[in-house]
Amino acid sequence: MTRRILDHIGDRWTVLIVGALGDGDARFSELRRRVEGVSQKMLPQTLRGLERDGLVRRTGPPRSPE
């Protein structure tokens, strides 16, 4: 678990996303505006990893199956 957290901390998008969430909860589209330059692929991918490792919690409608 420690290794996963360190991997996240060292990731550019993780740092920017967690920083953007420091202002409070955000809808996906709002988060995309807050994190300048993040692609449509990297934002959900990074959020899924953070959620999987218990660093963020997703609320709202359930995700569609992948």
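Here, each number is a calculation from the coordinates, and none is a lab measurement. If you're wondering where the values come from, they're calculated on a predicted model, not measured in any experiment. Please note: Cβ atoms are built from the backbone with ideal geometry, for glycine as well, and neighbour counts cover all protein chains shown.
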Qualifying positions in segment 21-47 - surrounded by 10 or more Cβ atoms within 10 Å (Cβ to Cβ), assigned to a helix (DSSP H, G or I) and of a type in the set (S, T, N, Q)
Gln45, Thr46
Check on Val18, among the aliphatic types (A, V, I, L, M) and in a loop (DSSP other than H, G, I, E, B):
no
